[in-house]
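Trainee: This structure is in structure tokens; I'll ask about it shortly.
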């Protein structure tokens, strides 16, 4: 089978030959030169596929190596994050994709989320798990919730999640149908956070899990700081406006000073001309007397 999933050109040619032997009246699909060229292309493609497979294996080895190197820094980062109240819920609510899932009650619950971890399986390609750690809270008994994704080549992809032990009258899952119906009417994402958590319908295309693993987890700080970044931008814009006003004031003051200097010069020149005129007048009178 070729890279696109269809039969190889060699098999297509064989089928064509078998078909031609059964019906001699129909013209041959490819001439001899084209058949030979297609077989050579197929041979080259097989070599390319073999190299691609080898490259994938090498990339996995490199990724495994750097996963081990990154882990101490992820652990250190989580220890520091625990000092900041509501870090993870803030980052999640600020995230453009994850925020669409979270309703008000779930946001209240996620304020008790103290740590989040993503852990890839040893061979990476077979799957990963997302761990949510909670402090004691009024919603459920669990101190951690884990959703795992098994995506190995053996068997169909599947996911599992820890059962949530809801406290009395605090089961948010009972409200899910009502919430989802309301969200659909408003044109919002039909899923909520906890309905996603217990959903195992199609683990191979779980967009939210992929977003958490590949976007939120690698750098949550960028989402935690979103409002502050906006504020900084706003302050910069205001500051730039103030600067322009200051520049305008300086320019006006300089223009006024220039005008004052010109007026003073004009007055000085007028006085000088007046005195010179008087002297000339006196000189003319003396000449007349003589």
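Throughout, read-outs are computed from the coordinates displayed, never taken from laboratory work. These numbers were taken from a predicted model, which means no experiment stands behind them. FYI the Cβ positions are ideal-geometry reconstructions off the backbone, even for glycines, and counts take in every protein chain you see.
Trainee: Could you work out the mean projected area of the convex hull around the alpha carbons of region 84-230, in square nanometres to one decimal?
Mentor: Averaged projected area of region 84-230's Cα convex hull equals 9.6 nm².
Trainee: A further question on this structure: Given the convex hull of the Cα atoms of region 32-97, what is a quarter of its surface area in nm²?
Mentor: Convex hull of Cα atoms, orientation-averaged projection: 8.0 nm².
Trainee: While we're here: Based on the mean of other beta carbon atoms within 10 Å per residue, what is the order of 35-44, 53-62, 213-222, most packed first?
Mentor: Output ranking for 35-44, 53-62, 213-222: 213-222, 35-44, 53-62.
Trainee: Taking only C-alpha pairs under 8 Å that are 6+ residues apart, what is the relative contact order of region 32-185 in percent?
Mentor: Once normalised by length, the contact order is 14 percent.
Trainee: When you count, for each residue, the other Cβ atoms within 10 Å and take the mean per peptide, how do 138-145, 69-76 rank with the highest first?
Mentor: Output ranking for 138-145, 69-76: 138-145, 69-76.
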